[in-house]
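The values are calculated or read from the model by the stated rules, or taken from the named source; none is laboratory data. It should be emphasised that the depicted structure is a prediction, and the values quoted were computed from it without experimental measurement. Positions of Cβ are generated from backbone atoms using ideal geometry, with glycine treated the same way; all protein chains shown enter the neighbour counts. To get the accessible areas, we keep the full protein, side chains included, count just its heavy atoms, and leave off ligands, DNA and RNA. Shrake-Rupley method; radii C 1.70, N 1.55, O 1.52, S 1.80 Å.
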Amino acid sequence: MKVAYIRTSTKEQNLDRQIHAVKKENVDKIFSEQLSGKDTNRPIFQEMMSYVRAGDEVVIVSLDRLGRNYTDIIETVRLLQEKKVKLNVLDAPFLRFHTGNETLDKAMSDMFISLLSYIAESERTKILERQRQGIIQAKLRGIYKGRPLKYHAQAKNPKDKLVFLNVNHQLEQEIPIRQIARENGISKSTV
C-alpha cells in the first residue's frame, strides 16, 4: 500500500501543493496534519507510523515533512527500515539507489538522509533565530506586545472569561495553584 504523509507547521499554511504532489504518485491513503515538525509528538504522524506495514511505501514531498529534528528524522527512517517500509522522498530522487548491492544502497541512502536531516534541523534553528531577532527589533520599535491574553475579564470567548473569573475566585480563596490549574484545564504558569 502507498501511504502519503503531508504536513505544514501551521493551520495558516496550505497543504494543496503537497496533496497535488502525492496524488501524482497514486497513493492509497493520505495522512495530513498542520503541526510543527519540532518533534514527532504529532498524533497523525504517530497514527501513520502505526498504520504502515512491511511492503508498504511512505511518500513524502520532502524529508523535512517528517520533522525538523535531526535525531527524530534519523530515528523515523530507521523505524521504517525495521518495519520493511519503503520511503519515497519526492524532492530527493537521488535517495533511490539501485546499484545491485543492498549494503551499498543502504549506506549511500543513510549518508544522504543524515545530510538532509541536518539541513532540516539547521533550517528550523535559523527560522527560530530570525524570529527571535524580529521580536527584539519589534520590541525596540515598541510594536511587539507578545501573545495577547487569552483569559481576561473582557475575553470574547465566554469560556475564557469564565476560566479567568473562576481562577481569580480560587486564588482569593488561597486554593493551591496546582489544584486550580487541574480544575480549570490550564497550566500552572497560566494560573
By how many nm would the segment from Ser9 to Leu140 lengthen if fully extended, with 0.36 nm per residue of separation less the alpha-carbon distance?
-> 44.4 nm
Binned Cα-Cα distance frequencies in segment 56-191 - 10 Å width, integer % | 10, 24, 15, 19, 19, 10, 3, 0
Any chance you could run the full-extension gain for Ile127 through His20? It's 0.36 nm times the residue separation minus the Cα-Cα distance, nm to one decimal.
-> 35.9 nm
Within the chain, which is the longest segment containing none of the GluC sites (Glu not before Pro) that sit in a DSSP loop and have at most 15 other Cβ atoms within 10 Å?
-> 26-173
Just the Cα atoms of segment 6-59: what Rg and Dmax do they give in Å?
-> 11.6, 35
Summing -39500 (n - 2.57) over every DSSP H run of at least 4 in the chain, dividing by its residue total and rounding to the nearest 500, the 222 nm mean residue ellipticity is -16000 deg cm²/dmol
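In square angstrom, what is the accessible area per residue of the chain with a 1.4 angstrom probe?
In whole numbers, the chain has 66 Å² accessible per residue.
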Per the Kirkwood definition applied to all pairs of different Cα atoms, how many angstroms is the hydrodynamic radius of segment 1-106?
-> 14.1 Å
Loop only per DSSP, at most 16 neighbouring Cβ atoms within 10 Å: give me the trypsin sites (Lys or Arg not before Pro) in segment 92-191, ordered by residue number.
-> Arg96, Arg141, Lys145, Lys150, Lys156, Lys188
Simple spin-label model, 7 Å along Cα-to-Cβ: Ala54 to Lys161 in nm?
-> 6.0 nm
Placing +1 on each Lys and Arg Cβ and -1 on each Asp and Glu Cβ in the chain, then taking the dipole about the Cα centre, the residue among Tyr51, Leu35, His152 whose Cα reaches farthest towards the positive end is His152
For the chain, the accessible surface attributable to carbon and sulfur atoms (probe 1.4 angstrom, ligands and nucleic acids excluded) amounts in percent to 54 percent
Student exercise, the chain dipole from Lys, Arg, Asp, Glu Cβ charges, in Debye to nearest 20 = 740 debye
Determine the relative contact order of segment 107-191: mean sequence separation of Cα pairs under 8 Å and six or more apart, normalised by residue count, in whole percent.
-> 12 percent
Please give the FRET efficiency for Ala153 paired with Lys38, using the beta carbon to beta carbon distance and R0 = 30 Å, rounded to the nearest 0.05.
-> 0.35
